[in-house]
1. Restricting to the range 56-110, name every residue that is assigned to a loop (DSSP other than H, G, I, E, B), closer than 20 Å to residue 124 by Cβ and touching a strand residue (DSSP E or B) at 6+ places or on another chain (Cβ under 8 Å).
2. Please go through the range 185-207 and give me each residue that is farther than 27 Å from residue 173 by Cβ and part of a loop (DSSP other than H, G, I, E, B), ordered by number.
3. In the range 161-172, which residue that is part of a loop (DSSP other than H, G, I, E, B) and either free of Cβ contacts under 8 Å to residues at least 12 places away in the same chain or within 17 Å of the chain's Cα centre (by Cα) (or both) is farthest from residue 228 (Cα to Cα)?
4. Identify the residue in the range 28-41 that is out of contact with any strand residue (DSSP E or B) (no Cβ under 7 Å at 6 or more places or on another chain) and crowded, with 16+ Cβ neighbours inside 10 Å and, among all such residues, is farthest from residue 249 (Cα to Cα).
5. Does residue 132 fit the bill of being touching a residue at least 12 places away in the same chain (Cβ under 8 Å), outside any loop (DSSP other than H, G, I, E, B), surrounded by fewer than 19 Cβ atoms within 10 Å (Cβ to Cβ) and touching a helix residue (DSSP H, G or I) at 6+ places or on another chain (Cβ under 9 Å)?
6. Checking residue 51 against (1) surrounded by 14 or more Cβ atoms within 10 Å (Cβ to Cβ); (2) within 20 Å of residue 126 (Cα to Cα), which test does it fail?
7. With 113, 51 as the choices, which residue is touching a residue at least 40 places away in the same chain (Cβ under 8 Å), more than 14 Å from the chain's Cα centre (by Cα) and in a helix (DSSP H, G or I)?
8. Are any residues in the range 50-76 touching a helix residue (DSSP H, G or I) at 6+ places or on another chain (Cβ under 6 Å) and within 15 Å of residue 25 (Cα to Cα), and if so, which ones?
């Protein structure tokens, strides 16, 4: 089944108002690659301004709370993201799972909240290096998929992002064969649970993606796009990834 490529920039805790020019350049270039869906998830402080400056562009949040409102100092609710102009949100990133102790149940609740607020969701999974080296990577990731993916969602509104933790920001990249094996296993697990809907879902790869390796990674079986960290902060580094996705159709 043909699925549109999806390239998403996760700016993490980077970006002041001066970075808006990079977003403008990225979205302008993306218009020349209409076959690819492109999104940027900036820090919360830039979502409103970026969405207002780029009408129709896909701007997202990097996390949300599972509650719609309440006494949760420092947290941001999914309806608040939507109100600011966001159309999507990342949940379950390893930096949240590991750094903030989020469980699969926490991630599932956040995904459900985001979907309920009308946002699309990118749900992250991935294994640490010791699990990869022990040979248990696929079982580890499939357990995250089973525990994190909501029971009810539209296939066009939820994407899985496989990000091996040991490859994030390190320059280390798994082999294409390893990526294909993991993405295929995720697809099979989704199919066993959700039947035909799994074929419409997009599975992204993330972890040290750049302009040099994007074509090889994005051309792998069952890789429907990329969740990009550091290389998404500037148009000069991010646009070549988008172009690589576009060249694959």
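1. If the condition is that a residue be assigned to a loop (DSSP other than H, G, I, E, B), closer than 20 Å to residue 124 by Cβ and touching a strand residue (DSSP E or B) at 6+ places or on another chain (Cβ under 8 Å), then 62, 63, 64, 75, 76, 86, 87, 92, 93 are the ones that fit.
2. 195, 196
3. 164
4. Applying the filter and picking the extreme gives 29.
5. No: the conditions fail for residue 132.
6. With respect to (1) surrounded by 14 or more Cβ atoms within 10 Å (Cβ to Cβ); (2) within 20 Å of residue 126 (Cα to Cα), residue 51 is out only on (2).
7. 113
8. Within the range 50-76, 50, 54, 57, 59 meet the criteria.
Taken together, the values in this text are just the output of simple stated rules run on the coordinates, not laboratory data. The structure displayed is predicted, hence computed values, not measured ones. Note that we place each Cβ from the backbone using ideal geometry, even for glycine, and neighbour counts take in every protein chain shown.
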